[in-house]
Amino acid sequence: MQFVTYGINHNTAPVSIRENIAFNADVLPAALASLKQQPYVLEAVILSTCNRTEIYCYIDDDCQFLINKWLHEFHLQAEDSLNEHLYCHQGNDAMRHLLRVACGLDSMVLGESQILGQIKTAYSDALNAETLGKMLGRLFQHAFTVAKQVRTDTAIGDSPVSVAFAAVSLAKQIFTNLADSTALLIGAGETIELVARHLHDNGVGRIIIANRTIERAHDLAKQLGGYAISLSEMPNHLAEADIVISSTASQLPILGKGTVERALKKRKRRPIFMVDIAVPRDIEPEVGNLEDIYLYCVDDLQGIIEENLQSRREAAVQAEEIIDNQVEHFLAWLRTQDAVPVIRAIREKAELESEHLLEKAKKQLEQGLPVEAVLNDLARTLTNKLLHEPSRQLRQSGFDTDNNLIEAARSLFNIKDLP
């Protein structure tokens, strides 16, 4: 038996290929059931995200290639058509791969944490589909523990590496208490939505969202307890803003020097922190020359992002060391599983012997034999019964010059010093 992983991800295939073998929520239960029905698959988990599709299985040793065949057939792909994009990990490599994925070391954005939640969802889906057993279940639980350790013991997730997160991080450096600040967000696309959520999560006092389509601004503002305005209203609210972050698809600047000067007068020269994420730029570059304006563009943020990425790369080296150590820990647990049936057999044999001798002792007591004599006979006979075969094997090992068995017995019975 062994662990095996078949997968495809952002490094091995473009989205046009990845989307062909994705498992959406509607098809996933049927896919898990189909996979578990394969005679060689003992346990299975399917992880499917926008950046990867991976199949984790515990299987018969020589059947890993059949998962490739099943994957092609399930998604109606021509035989072997995906082979150049697929990777396969077996045994220790499959374990290590899951731990690396859970820790964000195999993600498009190094160290991102979203993947751990996606793996936990995949685990729950397999649990509900009854395709998760003792071995994969233990491996995934171990992966969750290791991911938590890596997050705690390294700086893998500490530094922002997205434009949205970097912008908010910079705002936090300038405004020590965001709860006292008002943020004006211009636009309502994906980047501004991320900025808004980061600001909200960091406790910003107030959010105003200005957008060309007021309905979209309202939808986003409602989710975050903010206030929506149209772009035409934006100049009237600019003086309220301590933080301005803009990201629209406009081909021309939408915030000029004159508008900002008027806002500064109303603010009585209280400074404004501005981030222009848009390309082409939303805020005229001349705005940055104004006193009390701190204007950053997307290129300024890239410097922060690259610096933080380097910090994550350094943390990733530490994370890899933790993972190597934890793979060994899991292998140690696997080795203990080999001993379980032997321990069970030893205990069952011992219990049978003790039950037999106990019945004999009860009959002797019923016959009126002295209690002390019965107990002494019970103890002596049970000891002889349990140790007869081990003793015989050890004596035989002496004739066979098998010192390994003798050393094993010393370790097994914790015999340190011999007379």
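The values are calculated or read from the model by the stated rules, or taken from the named source; none is laboratory data. These numbers come from a predicted model, not from an experiment. Cβ sites come from the backbone with ideal geometry, for glycine too, and all protein chains shown count toward neighbours.
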Q: Scan the stretch 240-249 and give yes if some residue there is without any contact (Cβ under 8 Å) to a residue 40 or more places away in the chain and of a type in the set (D, E, K, R), otherwise no.
A: no
Of the residues in the stretch 179-198 that are in a helix (DSSP H, G or I) and hydrophobic (A, V, I, L, M, F, W, C), the one that is nearest to the chain's Cα centre (by Cα) is L194
Only unsatisfied item for R269, checking (1) under 45 Å from the mean Cα position of the chain (by Cα); (2) assigned to a loop (DSSP other than H, G, I, E, B), is (1)
Among residues of the stretch 199-224 being more than 33 Å from the chain's Cα centre (by Cα) and in a loop (DSSP other than H, G, I, E, B), the residue surrounded by the most Cβ atoms within 10 Å (Cβ to Cβ) is R212
Of the residues in the stretch 172-190 that are surrounded by fewer than 24 Cβ atoms within 10 Å (Cβ to Cβ) and in contact with a strand residue (DSSP E or B) (Cβ under 9 Å, 6 or more places away or on another chain), the one that is nearest to P253 (Cα to Cα) is G189
With criteria (1) more than 18 Å from V168 (Cα to Cα); (2) of a type outside the set (F, W, Y); (3) surrounded by 13 or more Cβ atoms within 10 Å (Cβ to Cβ), I293 comes up short on (1)
Scanning the stretch 98-151 for residues that are out of contact with any Ser or Thr (no Cβ under 7 Å at 6 or more places or on another chain), part of a helix (DSSP H, G or I) and more than 20 Å from F330 (Cα to Cα) gives Q114, G117, T121, A122, S124, D125, A126, L127, N128
The condition of being surrounded by fewer than 18 Cβ atoms within 10 Å (Cβ to Cβ) and within 20 Å of V27 (Cα to Cα) holds, among L71, L132, L76, only for L76
Taking the stretch 20-52 and keeping only residues that are part of a strand (DSSP E or B) and more than 20 Å from the chain's Cα centre (by Cα), one is left with V41, L42
| Within the stretch 179-193, is there a residue that is in contact with a Gly (Cβ under 7 Å, 6 or more places away or on another chain) and either of a type in the set (D, E, K, R) or modelled with pLDDT under 90 (or both)? | yes
Being assigned by TED's automatic domain parsing to the domain that holds F65 and either at negative phi or of a type in the set (S, T, N, Q) (or both) narrows D106, D80 down to just D106
> Right, F3: under 28 Å from Q318 (Cα atoms), in contact (Cβ under 8 Å) with a residue 24 or more places away in the chain and surrounded by 15 or more Cβ atoms within 10 Å (Cβ to Cβ) or not?
Replying inline: yes
Over the stretch 158-168, the set of residues surrounded by fewer than 19 Cβ atoms within 10 Å (Cβ to Cβ) and more than 21 Å from L220 (Cα to Cα) is D158
Within the stretch 261-307, restricting to residues that are among the small types (G, A, S) and modelled with pLDDT of 85 or more, the one that is farthest from D180 (Cα to Cα) is A278
Residue count, the stretch 264-313, condition in contact (Cβ under 8 Å) with a residue 60 or more places away in the chain and either more than 30 Å from R151 (Cβ to Cβ) or charged (D, E, K, R) (or both), comes to 6
Inspect all residues belonging to the stretch 318-327 and state whether any of them is of a type in the set (A, V, I, L, M), surrounded by fewer than 11 Cβ atoms within 10 Å (Cβ to Cβ), outside the structural domain of G187 (by TED's automatic domain parsing) and not in a strand (DSSP E or B). no
Counting only residues in the stretch 360-385 that are of a type in the set (V, I, T) and farther than 18 Å from A350 by Cβ, the one nearest to the chain's Cα centre (by Cα) is identified as V374
